[in-house]
1. Could you identify which residue out of 372, 27, 201 has the top mean-square fluctuation in a GNM of the chain using Cα springs shorter than 10 Å?
2. Which whole-number percentage describes the relative contact order of segment 286-382, with Cα contacts under 8 Å and a sequence gap of 6 or more?
3. In Å and from the alpha-carbon atoms only, list the Rg and Dmax of segment 230-304.
4. Return the whole-Å distance between the Cα centroid of segment 302-328 and the Cα centroid of segment 228-296.
5. Kindly provide the Kirkwood hydrodynamic radius of segment 232-359 in Å, to one decimal, from all pairs of distinct alpha carbon atoms.
6. Can you sort 375, 235 so the residue with the fewest Cβ neighbours within 10 Å comes first?
7. Jot down the radius of gyration and Dmax of segment 138-217, Cα atoms only, both in angstrom.
8. Obtain the radius of gyration and the Kirkwood radius of segment 102-168 from its C-alpha atoms and give Rg over Rh.
């Protein structure tokens with residue numbers, strides 16, 4: 001039996017090692033720059049169309065290693081998948097075939113950003129307490145890098161000119177396309193909360209329950225404020241407000257310019273994912289498997305639904321229903337108006353990534369390096 005297991009592991013390693021290097025020198029980008037990610041630079045968790053209940057599996061793609069909640073990026077007609085095995089794999093959305101792989105030793109916990117013909121990402125070292133910011137050239141397969149002390153498990157941001165890395169010890173690095181640090185802000189406080197960029201502001205919360213708001217143009221902290229017992233979740237927001245939830249299960253809506261709490265709602269269990277919203281509703285999932293829908297202006301409860309299992313990924317919202325992955329090896333389609341479970345789809349592993357929508361398809365990562373590709377209404381014609 002040990003020999004069989006050893007052979008399987010060896011075969012898996014050999015297959016993984018055979019992947020070709022990602023070179024797209026002859027691939028034409030049309031310049032639309034419609035990038036969509038699991039924890040996006042532009043928030044793309046709302047899709048302005050009907051979902052219904054007709055989700056069908058199109059492909060199941062295989063990559064090396066597993067995922068964080070934030071691992072998928074679609075850029076034009078290419079799906080980029082980052083993973084805890086330190087690799088970024090690119091797939092052709094028209095055929096589902098693999099283009100190639102960017103290989104590194106370490107782990108990648110944030111979806112890459114694509115700018116022009118460059119892939120930008122942060123790689124954490126397995127053994128040492130640091131990471132590296134990478135700029136990978138798709139034409140030649142070359143890389144430029146710069147060291148990021150303490151590494152980063154948090155979302156990578158960009159305003160089109162600079163890239164912003166929030167390290168795990170709460171230091172904010174502003175880096176250019178040549179992998180040069182232009183400036184940084186130090187807080188030296190443990191931070192495992194994915195930040196948000198709204199206009200000139202960058203917002204995050206840390207393990208001590210403190211929120212920070214930075215004015216990136218002024219390159220300084222606008223204010224910091226203790227409001228909670230600690231944050232591990234993603235920050236989301238719009239216009240003058242942002243949303244964040246804490247380790248005690250309390251969700252907050254906060255005014256960005258002064259840190260005043262507009263409302264808060266107690267879900268009774270820790271929240272790790274981001275609070276999503278449409279034009280009038282906000283959706284909060286917790287680690288007890290409970291999903292809440294509240295009025296996003298007042299915080300008043302519309303409905304709550306126990307989905308069981310454990311929710312730690314951000315849902316994808318459509319005009320009628322939302323898609324909520326679960327560590328219980330399932331995906332629930334839930335009515336946004338009533339909380340009724342419209343349909344449950346079983347998958348072969350624990351759901352690890354937030355779903356994203358692009359080109360008529362929905363992408364979701366599970367355990368064992370599987371990427372499920374679903375099609376709405378049986379076709380992908382966009």
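Bear in mind these aren't lab numbers, they're just calculated from the coordinates by the rules spelled out. Everything numeric here is computed off the predicted structure, so don't read it as measured data. Cβ sites come from the backbone with ideal geometry, for glycine too, and all protein chains shown count toward neighbours.
1. Ranking 372, 27, 201 by mean-square fluctuation puts 27 first.
2. Relative contact order here is 17 percent.
3. Cα-based Rg and Dmax for segment 230-304 come out at 11.0, 33 Å.
4. Taking the Cα centre of each part, segment 302-328 and segment 228-296 sit 14 Å apart.
5. Its Kirkwood hydrodynamic radius stands at 14.5 Å.
6. 375, 235
7. 12.9, 44
8. Reported Rg/Rh (Cα atoms, Kirkwood Rh): 0.94.
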